[in-house]
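Down below is the structure, laid out as structure tokens.
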Amino acid sequence: MASLRDAKRIVIKIGSALLVDRKSGALRHHWLHALAEDVAWLKAHGSDVVLVSSGSIALGREVLGLTAEKLALEESQAAAAVGQIRLARAYEEALAPHGITTAQVLVTLEDSSNRRRYLNSRATFGTLLRFGAVPIVNENDTVATDEIRYGDNDRLAAQVAVTVGASQLILLSDVDGFYSANPQIDPTAKRFEVIKEITPAIEAMAGDAGSGLSKGGMKTKVMAAKTATAAGCALAITEGSALHPLRALDSGAAATWFTPQLDPRTARKRWIAAMKPQGNVTVDAGAAVALAHGKSLLPAGVTAISGEFSRGDPLRIQDMQGNELGQGLSGYSSLEATAIMGCQSRDIEALLGYSGRAALIHRDDMAI
């Protein structure tokens with residue numbers, strides 16, 4: 001696989017068992033500070049980094065004295081509320097000596113399943129990364145109920161990787177890769193170096209959770225790999241308990257890599273192109289030329305809007321002769337888009353009463 005240092009954007013998932021000592025419930029400060037050095041090393045090579053971190057419930061339950069192995073939903077949410085403060089502060093203190101700004105991002109399943117929330121999340125992540133910050137992402141356990149939960153941070157990390165357009169997703173785990181069987185039970189189990197296709201046979205080999213602190217198992221990691229690779233993101237499973245696990249992986253530490261068939265940009269374009277359009281937007285000749293050169297669609301180039309749609313819905317883009325140019329996700333509702341079509345972006349606030357986005361359809365949300 002390509003070096004981690006070559007990844008333009010990389011998402012790293014940290015499990016509870018790596019971050020929190022199982023016996024004492026205390027944070028593993030030395031490990032976290034070594035990880036922070038790895039993050040600084042990646043950023044020094046030009047990579048954007050996003051961390052998806054478990055650990056808030058594990059840290060909070062110790063503070064609240066919750067010793068039962070299985071917690072009630074409200075107890076887990078209370079533990080998360082207490083532990084999340086400590087988790088965010090720990091990352092801030094570990095990364096600050098390297099001149100790295102941290103940001104806390106708490107999400108639920110709804111934030112990716114709802115297109116409007118998805119676009120908001122994507123825009124926020126993009127802005128944070130543009131400013132050089134490292135987002136620390138976790139599920140919003142204090143408000144999420146079962147029906148709006150990811151349930152494990154492997155799949156959450158995969159969705160974050162899709163949202164930010166990452167080229168690599170690293171799952172730091174308590175195992176050093178994907179095996180044909182549980183290596184703790186079957187001494188003949190084989191570790192796969194590279195998996196190019198997730199077949200039913202591969203899925204059947206996946207086991208269940210093995211750690212008392214973690215909820216995920218190999219099954220959820222394979223599910224995460226399916227999500228990530230379909231979006232053009234390579235995924236690695238590697239053992240992360242030793243110090244400097246990212247540098248170790250870059251130097252050839254044992255791991256299993258799941259390879260994508262497309263790059264993230266191409267995969268995203270195909271996903272957008274496959275959606276059923278909810279409306280049409282007609283553009284003038286100047287805008288059509290700009291779109292062909294990879295530009296965003298600004299309101300000034302729009303001559304007509306049809307259909308009823310919400311922000312985040314897919315729109316068919318056509319020229320004034322009715323020829324289809326492509327498809328994209330709208331940055332505005334149909335009412336807002338109609339109000340601002342033909343105007344300059346600087347006039348959007350006066351027309352809508354609030355400061356909106358400059359583009360009606362951003363180039364990153366468009367397939368031409």
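The values are calculated or read from the model by the stated rules, or taken from the named source; none is laboratory data. What you see is a predicted model, and the numbers here were worked out from it, not measured in a lab. Cβ atoms come from the backbone with ideal geometry, glycine included; neighbour counts cover every protein chain shown. Protein only, heavy atoms only, side chains kept; ligands, DNA and RNA dropped before computing areas. Shrake-Rupley method; radii C 1.70, N 1.55, O 1.52, S 1.80 Å.
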Multiplying the sequence separation of Arg5 and Glu93 by 0.36 nm and subtracting their Cα-Cα distance, what value in nm do you get? 29.3 nm
Extension length gain for Asn120 and Ser310 (0.36 nm per residue less Cα distance), in nm, is 67.1 nm
Report the residues of region 29-50 in range of a label on Ser251: point 7 Å along Cα→C-beta, backbone N strictly under 19 Å from it. 30-45
Once you place label points 7 Å from the Cα toward the Cβ at Arg22 and Lys70, how far apart are they in nm? 1.9 nm
Given charges of +1 on the Cβ of Lys and Arg and -1 on the Cβ of Asp and Glu, with all other atoms neutral, how large is the dipole of region 197-313 about its Cα centre, in debye to the nearest 20? 100 debye
Connecting C-alpha atoms closer than 10 Å in a GNM of the chain, tell me which of Ala88, Ala123, Ala189 has the biggest fluctuation. Ala189
Within the chain, excluding any GluC sites (Glu not before Pro) found in a DSSP loop (not H, G, I, E or B) and having at most 12 other Cβ atoms within 10 Å, the longest uninterrupted segment runs 70-192
Order Phe258, Phe192, most accessible first, counting only protein heavy atoms with a 1.4 angstrom probe. Phe192, Phe258
Read phi for every residue in region 330-345 and hand back ³J(HN,Hα) as whole Hz from Karplus 6.51 cos²θ - 1.76 cosθ + 1.60, θ = phi - 60°, with x for Gly and Pro. 6, x, 9, 6, 4, 5, 5, 4, 5, 5, 9, 4, x, 9, 6, 4
Of the candidates Ala161, Ala78, Ala204, which one comes out as most mobile in a Gaussian network treatment of the chain with C-alpha springs shorter than 10 Å? Ala204
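Using just the helices of the chain, give the 222 nm mean residue ellipticity in deg cm²/dmol: DSSP H runs with n ≥ 4 each add -39,500 (n - 2.57), and the total is spread over all residues, rounded to 500.
Calculated at 222 nm, the ellipticity per residue is -11000 deg cm²/dmol.
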Measuring from its Cα centre, region 310-351 shows a charge dipole (+1 at each Lys and Arg Cβ, -1 at each Asp and Glu Cβ) which, in debye to the nearest 20, is 40 debye
With charges set only on the Cβ (+1 for Lys and Arg, -1 for Asp and Glu), what does the dipole of the chain come to about its Cα centre, in debye to the nearest 20? 520 debye
Lys276 versus Lys219, label points 7 Å from Cα toward the beta carbon: distance in nm? 3.2 nm
Length gained if Ser113 through Gln261 is fully extended, taking 0.36 nm per residue and subtracting the Cα-Cα distance, is 50.9 nm
Relative to the longest principal axis of the C-alpha atoms of the chain, give the angle of the C-alpha long axis of helix 153-164, reported between 0 and 90° and rounded to the nearest 10°. 30 degrees
Report, to the nearest 10°, how far helix 115-130 tilts away from the longest principal axis of the Cα atoms in the chain, using its own Cα long axis and a range of 0 to 90°. 70 degrees
Residue (of Val164, Thr238, His362) at the positive-pole extreme of the chain, dipole from beta-carbon charges: His362
